[in-house]
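Q: Can you keep this structure in mind? I'll have questions shortly.
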Amino acid sequence: MKYQSQKVAYAYFLVAMGLFGIQVLGGLLAGWIYVSPNTLSELLPFNVVRMIHTNALIVWLLLGFFGAAYYLVPEESEREIFSVKLAYLQLIILVVGTLGAVGSYLVGIHGGREFLEQPLWVKVGILVAAVIFLVNVSLTFLAGRKTVITNILMMGLWLLCLLWVFAFINPDNLSLDKMYWWFVVHLWVEATWELVMAAILGFLMLKLTGVDREVIEKWLYVIVATALFSGILGTGHHFYWIGTPGYWQWIGSIFSTFEVVPFFAMMSFAFIMVWKGRRNHPNKAALLWSLGSSTVAFFGAGVWGFLHTLHGVNYYTHGTQITAAHGHLSFYGAYVALNLAMFTYAMPMLRNREPYNQVLNMASFWLMTGGMAFMTFTLTFAGTIQTHLQRIVGDYYMDVQDQLGLFYVMRFGSGVAVVLGALLFIYSMLVVRREIIQPGPVAAPGE
Amino acid sequence: MPEILTKSRARNVFYGGSVFFVLVFVALTAQSHRYISRTSTAGMPLTDEVRLGKHVWERNSCINCHTLHGEGAYFAPEVGNVMTRWGVADDPEGAYEILDGWMKAQPSGIEGRRQMPHFEITDEEMRALAEFLRWADQTNTQNWPPNDAG
């Protein structure tokens, strides 16, 4: 850690990991309700559990991004953060808002636009926190050295904060509501968040592989160009069946097909940098998470996204378990694993010690990734059967669901693996202080 | 990467291209906004009752179990066409009665069956919710869903 103020990231990462724990436990409970539907049905209905699961995910990913920015911007800009106090104030506002949102969900106070259910005061709090963040990071950025990594990171963060404005715009007309709702949801995860992802991945590659900055920067521009060129008009793949004009079926199909390209580019980028790199960085777990993130993002967002993005296919699969399969693997690969890569890289420095406990950390990678992959497969099979029975044969929804029970049992099992992996990750980050396995003696060349 | 693609060229392509696609997107969205208000949702007036119904829909977070036009959670049936499925898409009184009857019977308490919670909804709000669902049902959704099963 070169700059004292980078330490701010530590607090962000701690809160993020706490919410990560809540998120996966909420997911596990929701998965169990699919298996045993009477569980807590009057005390804690499924809709509340799901709100906690999705909201906790979104907030902890954002906290991870904010923390990553506070870690990365000083190092790239070669100066301390503009104001450490503002950074902590921002975190406090976000924590109070998050706890307030969860508390009000539990007593039944919430909005009803999916993922944007936060009460108005929480939404305003998020806006205030976002403004504080932008001011703080931008002033640091403007005063210091400007690199392509921070350039792209700043652009992604500014745009994602600006798009939050659409969280306040809720037209009475349901179709208009849906169209503008996607301005937040799609233009976050399939456009602006990709810029943040590319910037963080670029930073990690720079540090872990030792490849020339010049090479990395050129790659970054190509990646983010393909992300926005495909992702902006790719929003059209959400405008097929919500009352929007028919031409979106062609625009959405064509451009969202190209959304595979940035994810393929990020995967290629990560592997090529590692092959080209001469540096043998001791933090092997961070490298595993970085490569794993870009690979799983390619499959989850790229391949599983393409699977149902063409309008002729989506006409039948829209709103089935196929969507759930894609949602889980893409979020895990692109944003969860990337954040965990950043935590794994930064934590040893933030806690002022060598990379430690890599074995448990790497085990948690395989446990989580294996569990997530299995969950995706079971939901994909469930969704395929659902699509056929419900959309083609025309059987009623609940009759079809009753036939999918086995898949939901298997999904719950894979969820257990993910939760264990997540808890193991948090444990390896926070508790264990020594490497479990000592590396054996390495024969020096010429001996 | 080939030498013809220098860093500054890549940067210029990125900025220029992004601005271009944003402009196209904004133009198409503006046209879609007009199309939604004037054409696809114009089959039934957007009355105060429909507005209230949307509010009831949101306040109870129905979207986190059901899908509406295919968006939402996948835990409970699609409701964008529920009034068609119930055969009351053009019958306000019938729509209210069947919805009211269904919701008052929840939770069913049947073992092994997914449970819909009990919601505190006044008669006026229930009528509004029924009208909102009828209003959503008449939207031109490019013939989605493929059949009445939703």
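Q: Identify all residues within the range B:61-74 that are at the interface with chain A (Cβ under 7 Å from one of its Cβ atoms), open to solvent by 10 Å² or more (accessible area, probe 1.4 Å) and either touching a residue at least 12 places away in the same chain (Cβ under 8 Å) or touching a Lys or Arg at 6+ places or on another chain (Cβ under 8 Å) (or both); write none if there are none.
A: B:CYS62, B:ILE63, B:CYS65, B:GLU71
Q: Of all residues in the range B:135-150, which are on the phi > 0 side of the Ramachandran plot and surrounded by fewer than 20 Cβ atoms within 10 Å (Cβ to Cβ)? Break it down into steps so the answer makes sense when it comes.
A: Start the filter on the range B:135-150 by keeping residues that are on the phi > 0 side of the Ramachandran plot, which leaves B:142-143, B:150.
B:GLN142, B:ASN143, listed by residue number.
Q: Assess whether B:GLN106 counts as being surrounded by 18 or more Cβ atoms within 10 Å (Cβ to Cβ) and not basic (Lys, Arg).
A: no
Q: I would also like to ask the following. Quick check: is even one residue across the range A:373-387 at pLDDT 95 or above, of a type in the set (Phe, Trp, Tyr), touching a Ser or Thr at 6+ places or on another chain (Cβ under 6 Å) and crowded, with 19+ Cβ neighbours inside 10 Å?
A: No: the range A:373-387 contains no residue that is at pLDDT 95 or above, of a type in the set (Phe, Trp, Tyr), touching a Ser or Thr at 6+ places or on another chain (Cβ under 6 Å) and crowded, with 19+ Cβ neighbours inside 10 Å.
Q: Further question on the same structure: Within the range A:36-43, identify whether any single residue is part of a helix (DSSP H, G or I) and either more than 14 Å from chain B (Cβ to nearest Cβ) or open to solvent by less than 20 Å² (accessible area, probe 1.4 Å) (or both), and answer yes or no.
A: Looking through the range A:36-43, none of the residues is part of a helix (DSSP H, G or I) and either more than 14 Å from chain B (Cβ to nearest Cβ) or open to solvent by less than 20 Å² (accessible area, probe 1.4 Å) (or both).
Q: So A:GLN4 passes all but one of these: (1) open to solvent by less than 30 Å² (accessible area, probe 1.4 Å); (2) closer than 28 Å to A:LYS146 by Cα. Which condition number does it fail?
A: So A:GLN4 meets the others, but not (1).
Q: Of the conditions (1) open to solvent by 20 Å² or more (accessible area, probe 1.4 Å); (2) under 20 Å from the mean Cα position of the chain (by Cα), A:PRO262 satisfies every one except a single condition; which number is it?
A: Only one criterion in (1) open to solvent by 20 Å² or more (accessible area, probe 1.4 Å); (2) under 20 Å from the mean Cα position of the chain (by Cα) is unmet by A:PRO262, namely (1).
Let's see how each residue does on (1) among the hydroxyl-bearing types (Ser, Thr, Tyr); (2) at pLDDT 95 or above; (3) open to solvent by 10 Å² or more (accessible area, probe 1.4 Å):
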| residue | (1), (2), (3) |
| --- | --- |
| A:ALA270 | no, yes, no |
| A:LYS276 | no, no, yes |
| A:ASN283 | no, no, no |
| A:SER293 | yes, yes, no |
| A:GLY300 | no, yes, no |
| A:VAL303 | no, yes, yes |
| A:LEU310 | no, yes, yes |
| A:ASN314 | no, yes, yes |
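Q: Which residues, taken from the range A:399-432, are open to solvent by 50 Å² or more (accessible area, probe 1.4 Å) and assigned to a loop (DSSP other than H, G, I, E, B)?
A: Scanning the range A:399-432 gives A:GLN403, A:VAL431.
Q: Collect the residues in the range B:7-25 that are open to solvent by 20 Å² or more (accessible area, probe 1.4 Å) and at the interface with another protein chain (Cβ under 7 Å from one of its Cβ atoms), keeping them in residue-number order.
A: Once the filter is applied, which keeps residues that are open to solvent by 20 Å² or more (accessible area, probe 1.4 Å) and at the interface with another protein chain (Cβ under 7 Å from one of its Cβ atoms), the range B:7-25 yields B:LYS7, B:ARG11, B:VAL13, B:PHE21, B:VAL22, B:VAL24.
Q: If I filter the range A:334-348 for residues that are modelled with pLDDT under 95, of a type in the set (Val, Ile, Thr) and either more than 21 Å from A:PHE258 (Cα to Cα) or open to solvent by 50 Å² or more (accessible area, probe 1.4 Å) (or both), do I get at least one hit?
A: no
Q: Name the residues in the range A:165-182 that are facing chain B (nearest Cβ under 7 Å) and open to solvent by less than 10 Å² (accessible area, probe 1.4 Å), would you?
A: Those that are facing chain B (nearest Cβ under 7 Å) and open to solvent by less than 10 Å² (accessible area, probe 1.4 Å): A:LEU174, A:SER175, A:MET179.
Q: So which of A:GLY156, A:GLY202, A:GLY231, A:GLY125 is open to solvent by 10 Å² or more (accessible area, probe 1.4 Å) and small (Gly, Ala, Ser)? Talk me through it step by step, then tell me what you get.
A: Working: A:GLY156 fails: open to solvent by 10 Å² or more (accessible area, probe 1.4 Å); A:GLY202 fails: open to solvent by 10 Å² or more (accessible area, probe 1.4 Å); A:GLY231 fails: open to solvent by 10 Å² or more (accessible area, probe 1.4 Å).
Only one candidate qualifies: A:GLY125.
Q: Could you please find all residues in the range B:109-134 being in a loop (DSSP other than H, G, I, E, B), open to solvent by 40 Å² or more (accessible area, probe 1.4 Å) and away from chain A (no Cβ under 12 Å)?
A: B:THR122
Q: For the range A:388-398, how many residues are surrounded by 16 or more Cβ atoms within 10 Å (Cβ to Cβ) and more than 8 Å from chain B (Cβ to nearest Cβ)?
A: 1
Q: On to the next question. Kindly indicate whether A:SER77 is among the polar types (S, T, N, Q) and out of contact with any Lys or Arg (no Cβ under 8 Å at 6 or more places or on another chain).
A: No; evaluated as a whole, the condition is false for this residue.
Results for (1) open to solvent by less than 10 Å² (accessible area, probe 1.4 Å); (2) of a type in the set (A, V, I, L, M); (3) within 30 Å of A:ASN151 (Cα to Cα); (4) modelled with pLDDT under 95, shown as yes or no for each residue.
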| position | (1), (2), (3), (4) |
| --- | --- |
| A:ALA16 | yes, yes, yes, no |
| A:LEU19 | no, yes, yes, no |
| A:TYR34 | no, no, no, no |
| A:LEU61 | yes, yes, yes, no |
| A:GLU76 | yes, no, yes, no |
| A:ILE81 | no, yes, yes, no |
| A:VAL84 | no, yes, yes, no |
| A:LEU89 | no, yes, yes, no |
| A:ILE93 | no, yes, yes, no |
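Q: Would it be correct to say that A:PHE46 is more than 9 Å from chain B (Cβ to nearest Cβ) and either surrounded by fewer than 23 Cβ atoms within 10 Å (Cβ to Cβ) or among the aromatic types (Phe, Trp, Tyr) (or both)? Talk me through it step by step, then tell me what you get.
A: Numbers: more than 9 Å from chain B (Cβ to nearest Cβ): no; either surrounded by fewer than 23 Cβ atoms within 10 Å (Cβ to Cβ) or among the aromatic types (Phe, Trp, Tyr) (or both): yes.
It is false that A:PHE46 is more than 9 Å from chain B (Cβ to nearest Cβ) and either surrounded by fewer than 23 Cβ atoms within 10 Å (Cβ to Cβ) or among the aromatic types (Phe, Trp, Tyr) (or both).
Q: Can you name the condition, by its number, that A:VAL135 falls short on among (1) away from chain B (no Cβ under 12 Å); (2) touching a Gly at 6+ places or on another chain (Cβ under 9 Å); (3) surrounded by fewer than 21 Cβ atoms within 10 Å (Cβ to Cβ)?
A: In the conditions (1) away from chain B (no Cβ under 12 Å); (2) touching a Gly at 6+ places or on another chain (Cβ under 9 Å); (3) surrounded by fewer than 21 Cβ atoms within 10 Å (Cβ to Cβ), A:VAL135 misses (2) alone.
Q: Hey, B:SER40 hits all of (1) closer than 30 Å to A:TYR34 by Cα; (2) facing chain A (nearest Cβ under 7 Å) but one; which does it fall short on?
A: B:SER40 satisfies every listed condition except (1).
Q: Would you mind telling me which numbered condition in (1) in contact with a Leu (Cβ under 7 Å, 6 or more places away or on another chain); (2) over 23 Å from A:VAL59 (Cβ atoms); (3) touching a residue at least 40 places away in the same chain (Cβ under 8 Å) A:TYR345 fails?
A: (2)
Q: Oh, and also: Have a look at B:GLU3, B:GLU97 and point out the one that is surrounded by fewer than 14 Cβ atoms within 10 Å (Cβ to Cβ), among the acidic types (Asp, Glu), more than 8 Å from chain A (Cβ to nearest Cβ) and free of Cβ contacts under 8 Å to residues at least 24 places away in the same chain.
A: Numbers: B:GLU97 fails: surrounded by fewer than 14 Cβ atoms within 10 Å (Cβ to Cβ).
Just one listed residue meets the conditions, B:GLU3.
The values are calculated or read from the model by the stated rules, or taken from the named source; none is laboratory data. For clarity, every value in this text was computed on a predicted model and none was experimentally measured. Because the Cβ atoms are built from the backbone with ideal geometry, glycine has one as well, and the counts that use them run over all protein chains shown. Only protein heavy atoms, including side chains, enter the accessible area calculation; ligands, DNA and RNA are left aside. Shrake-Rupley method; radii C 1.70, N 1.55, O 1.52, S 1.80 Å.
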